[in-house]
1. So A:Cys91 fits all but one of (1) loosely packed, with under 14 Cβ neighbours inside 10 Å; (2) touching a residue at least 40 places away in the same chain (Cβ under 8 Å); what number is the exception?
2. Checking the structure you have, find out if any residue of segment A:26-42 is in a loop (DSSP other than H, G, I, E, B), modelled with pLDDT of 95 or more and either away from every other protein chain (no Cβ under 14 Å) or crowded, with 19+ Cβ neighbours inside 10 Å (or both).
3. Given the residues A:Leu116, A:Leu56, which is the only one that is without any contact (Cβ under 8 Å) to a residue 24 or more places away in the chain, more than 13 Å from chain B (Cβ to nearest Cβ), surrounded by fewer than 19 Cβ atoms within 10 Å (Cβ to Cβ) and not polar (S, T, N, Q)?
4. Please specify each residue of segment A:45-88 satisfying the condition of being over 25 Å from B:Ile93 (Cβ atoms), in contact with a Gly (Cβ under 9 Å, 6 or more places away or on another chain) and of a type outside the set (S, T, N, Q).
5. Tell me which of these A:Phe74 doesn't satisfy, since it passes every other one: (1) touching a His at 6+ places or on another chain (Cβ under 9 Å); (2) closer than 24 Å to B:Ser98 by Cβ.
6. Over 24 Å from B:Val3 (Cβ atoms) and in contact with an Asp or Glu (Cβ under 7 Å, 6 or more places away or on another chain), is that true of B:Val81?
7. Go through segment B:28-60 and give me each residue that's surrounded by 22 or more Cβ atoms within 10 Å (Cβ to Cβ), closer than 16 Å to B:Thr78 by Cβ and in contact with a Lys or Arg (Cβ under 9 Å, 6 or more places away or on another chain).
8. So which residues in segment A:43-53 are within 8 Å of another protein chain (Cβ to nearest Cβ) and buried (at least 21 other Cβ atoms within 10 Å of the Cβ)?
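The values are calculated or read from the model by the stated rules, or taken from the named source; none is laboratory data. Computed from a prediction, not measured in an experiment: that's the story for all the values here. No Cβ is skipped: glycine too gets one built from the backbone with ideal geometry, and neighbour counts run over all protein chains shown.
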Amino acid sequence: AQSVTQLGSHVSVSEGALVLLRCNYSSSVPPYLFWYVQYPNQGLQLLLKYTSAATLVKGINGFEAEFKKSETSFHLTKPSAHMSDAAEYFCAVSDPVTGGGNKLTFGTGTQLKVEL
Amino acid sequence: GAVVSQHPSWVICKSGTSVKIECRSLDFQATTMFWYRQFPKQSLMLMATSNEGSKATYEQGVEKDKFLINHASLTLSTLTVTSAHPEDSSFYICSRSSLYEQYFGPGTRLTVT
């Protein structure tokens with residue numbers, strides 16, 4: 001079975017500061033990994049995904065994440081936070097054997113707050 | 001633009017009534033779609049996998065008789081909450097599957113009074 005752990009249910013940063021959202025996974029095989037963002041009362045928008053190609057993945061809105069097999073991690077970063085980044089962020093994992101478009105297991109989410 | 005739509009975006013119903021939520025794939029014929037439920041400030045929990053032309057596959061603990069899923073065409077899946085109760089109030093989100101990822105709808109807020 002696969003699982004995802006997001007450390008820190010709430011993260012607060014100053015505008016312009018580094019954003020670091022942590023995600024660790026558990027999987028018996030190298031998984032597909034995803035970061036999604038959710039704004040209030042909206043669905044999920046894909047930020048970026050890792051599907052066994054380059055380990056450093058660049059996504060939308062200046063976000064990137066690095067797949068580290070040795071640490072079983074897929075942390076999300078952004079060099080400079082913007083007020084519009086305030087949202088809920090979910091890390092998710094899927095089994096590449098069944099396809100990245102199939103069952104997703106989500107982490108518990110991290111609420112990012114950006115302060116002036 | 002959006003590739004998955006949901007209707008309605010929000011609905012209020014009385015306890016004991018049934019509510020149908022539609023999920024449409026706008027750009028792709030989807031043989032597989034997913035239904036999730038999200039409680040306030042919590043993560044998404046997969047309820048069921050909707051399969052075009054066959055029965056849905058429900059996750060453990062989800063009442064199939066209460067949450068009826070129909071995937072009658074390659075672009076439409078529906079979730080019907082039967083005999084709704086206040087504890088069914090939640091945010092319901094659907095998604096459609098592609099090879100490498102899922103595309104999510106905007107969600108439907110259900111409030112049962």
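1. Of the numbered conditions (1) loosely packed, with under 14 Cβ neighbours inside 10 Å; (2) touching a residue at least 40 places away in the same chain (Cβ under 8 Å), the odd one out for A:Cys91 is (1).
2. First, the residues of segment A:26-42 that are in a loop (DSSP other than H, G, I, E, B): A:27-31, A:39-42.
Now drop any that are not modelled with pLDDT of 95 or more, which leaves none.
No, because not a single residue in segment A:26-42 is in a loop (DSSP other than H, G, I, E, B), modelled with pLDDT of 95 or more and either away from every other protein chain (no Cβ under 14 Å) or crowded, with 19+ Cβ neighbours inside 10 Å (or both).
3. Numbers: A:Leu116 fails: without any contact (Cβ under 8 Å) to a residue 24 or more places away in the chain.
Every option except A:Leu56 fails the conditions.
4. A:Pro79, A:Ala81, A:His82
5. Result: A:Phe74 fails condition (1) only.
6. Numbers: over 24 Å from B:Val3 (Cβ atoms): yes; in contact with an Asp or Glu (Cβ under 7 Å, 6 or more places away or on another chain): yes.
Against the criterion (over 24 Å from B:Val3 (Cβ atoms) and in contact with an Asp or Glu (Cβ under 7 Å, 6 or more places away or on another chain)), B:Val81 qualifies.
7. B:Ala30, B:Met33, B:Phe34, B:Met47, B:Ala48, listed by residue number.
8. Step one: of segment A:43-53, the residues within 8 Å of another protein chain (Cβ to nearest Cβ) are A:43-46, A:49, A:51.
Hits for segment A:43-53 are A:Gly43, A:Leu44.
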